[in-house]
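Here's the structure, in structure tokens; my notes come after.
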Amino acid sequence: MKLNTTHINTALTGKARAKVLIIYTGGTFGMMRNEAGTLAPFNFSSIVEHLPTLRNLALELTVISFDKPIDSSNIQPAHWQVMVDIIEQHYHAFDGFVVLHGTDTMAFSASALSFMLQGLAKPVIFTGAQLPISEPRSDARENLITALEIAAAVEAGNPIVPEVAIFFDFELLRGNRSKKVESMQFDAFDSGNYPALATAGVKIEYNKSVMRAAGPSLKVIKSFDTQVAVLKLYPGLNFSILRSLLATPGLRALIIETYGSGNAPTETWLLDALKEAIAQGLLILNISQCSGGKVNQGKYETSKALAEMGVLGGADMTLEAALTKLMILLGNYSIEEVRTMITQPLAGELSV
Ligand code: ASP
């Protein structure tokens with residue numbers, strides 16, 4: 001993929017206090033209304049014109065932009081590999097990283113990067129906006145300025161947030177615990193099963209007791225296996241739909257998005273089909289449709305059979321974390337190893 005690099009020294013006088021690399025992938029954030037009245041991506045090198053207050057941050061910024069910024073609905077694992085390549089290549093030269101990304105799939109990308117960047121010791125902060133930076137009431141300015149502050153924040157010489165996180169609407173959330181929950185209001189993200197890592201008011205208050213510890217040294221994982229399907233349970237699901245999904249050639253794992261604490265209908269056609277698929281080697285993972293709480297197979301009669309047949313319980317993982325983690329594990333480990341690793345925390349994505 002073609003990438004464009006721009007250097008911006010926002011320090012007015014004297015030395016910049018930190019170096020931050022911005023990866024600009026696209027999304028609503030960087031849209032500008034053109035003469036025809038339609039929204040199109042803006043040229044990132046003009047960011048200081050839109051945001052003169054950047055100068056007060058005294059940071060040295062380098063921006064690497066996707067040549068063609070994309071709506072995040074078009075994000076694919078290949079884009080995650082590009083983002084990780086950029087971070088790996090520039091890891092030692094920068095104090096922190098900010099990824100500007102559309103909100104639609106931001107939680108998937110932040111989850112994926114949290115698993116790909118093993119041993120991370122520096123901040124990788126995703127942000128974006130609900131309204132383009134060209135709009136007077138845009139949230140883009142506040143989101144970017146605070147994300148940059150967080151990416152540059154140090155205490156006793158060490159980064160305060162050594163993990164992949166999403167900063168949006170005054171809250172910093174762990175990336176692999178987040179979900180997009182809102183498309184009209186500014187509070188687009190939530191992490192129902194994990195406290196906020198920081199809250200930005202007059203001061204940025206960091207919740208250090210829930211932060212991940214810095215990793216020893218960066219080790220990146222870049223391979224994926226995308227032969228994973230998701231089946232959301234709903235009243236009316238029938239056998240022919242399930243059968244055609246399970247007959248997908250090469251399918252290696254299935255996430256069933258169950259009700260409540262991991263419950264599913266007890267109908268024989270469903271249980272028999274899942275049992276047979278497991279016997280043929282399919283990994284089946286149980287993730288709840290609820291954004292708070294966790295899967296507890298065996299609590300109700302309606303989940304006992306799943307546990308007995310070998311469906312794995314996904315605890316309190318989000319769908320976004322479970323899906324990206326499965327793709328990465330399947331691309332790098334044997335199926336036996338994946339069965340063990342999927343239920344263990346890899347990057348703070350689940351509580352045991
Ligand atoms: N569709 C846009 C995207 O995800 C929405 C946004 O950026 O907020 O790229």
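The values are calculated or read from the model by the stated rules, or taken from the named source; none is laboratory data. What you are looking at is a predicted structure, and each value in this text was computed from that prediction instead of being measured. Using ideal geometry, Cβ is built from the backbone for each residue, glycine included, and neighbour counts are taken over all protein chains shown. Note: areas computed on protein heavy atoms with side chains; ligands, DNA, RNA excluded. Shrake-Rupley method; radii C 1.70, N 1.55, O 1.52, S 1.80 Å.
Things to note:
- Checking every residue in segment 286-304 against the condition of being touching a helix residue (DSSP H, G or I) at 6+ places or on another chain (Cβ under 7 Å), over 30 Å from Pro249 (Cβ atoms) and not polar (S, T, N, Q) gives at least one match.
- Helices (runs of 4 or more DSSP H) (entirely within segment 279-352) containing at least 2 residues that are of a type in the set (Lys, Arg) and closer than 16 Å to Ile256 by Cβ: none
- Some residue of segment 10-18 being away from the ligand (no atom under 16 Å from the Cβ), more than 22 Å from Ile160 (Cα to Cα), without any contact (Cβ under 8 Å) to a residue 12 or more places away in the chain and among the hydrophobic types (A, V, I, L, M, F, W, C): no
- Selection from segment 102-115 of residues that are under 13 Å from Gly348 (Cα atoms) and either more than 8 Å from the chain's Cα centre (by Cα) or within 11 Å of the ligand (Cβ to nearest atom) (or both): Phe115
- Note on segment 246-259: among residues that are of a type in the set (Gly, Ala, Ser) and free of Cβ contacts under 8 Å to residues at least 40 places away in the same chain, the one that is surrounded by the fewest Cβ atoms within 10 Å (Cβ to Cβ) is Gly250.
- Looking only at segment 116-140, residues that are more than 15 Å from the ligand (Cβ to nearest atom) and more than 22 Å from Trp80 (Cα to Cα) come to 1 in all.
- Within segment 141-220, strands (runs of 3 or more DSSP E) holding 2 or more residues that are more than 21 Å from Thr105 (Cβ to Cβ) and over 20 Å from the mean Cα position of the chain (by Cα): 204-206
- Each residue in segment 23-45 was checked for being modelled with pLDDT of 80 or more, within 16 Å of the ligand (Cβ to nearest atom) and among the aliphatic types (A, V, I, L, M), and 3 of them qualify.
- Residues of segment 91-101 classified as of a type in the set (A, V, I, L, M) and within 10 Å of the ligand (Cβ to nearest atom), total: 1
- Answer residue from segment 57-90, given it is part of a helix (DSSP H, G or I), within 16 Å of the ligand (Cβ to nearest atom) and of a type in the set (S, T, N, Q) and is least open to solvent (accessible area, probe 1.4 Å) among those: Ser72
- Among the residues of segment 95-126, those identified as farther than 15 Å from Ile75 by Cα and buried (at least 21 other Cβ atoms within 10 Å of the Cβ) are Gly96, Phe97, Val98, Ser114, Phe115, Met116, Leu117, Leu120, Lys122, Pro123, Val124, Ile125.
- Members of segment 325-352 found to be modelled with pLDDT under 95 and either touching a Pro at 6+ places or on another chain (Cβ under 6 Å) or of a type in the set (Gly, Ala, Ser) (or both), listed by number: none
- Selected residue (only one of Val161, Val181, Val154 is open to solvent by 10 Å² or more (accessible area, probe 1.4 Å) and under 19 Å from Leu59 (Cβ atoms)): Val154
- Filter pass, Phe224 being away from the ligand (no atom under 16 Å from the Cβ), at pLDDT 95 or above and outside any helix (DSSP H, G or I): yes
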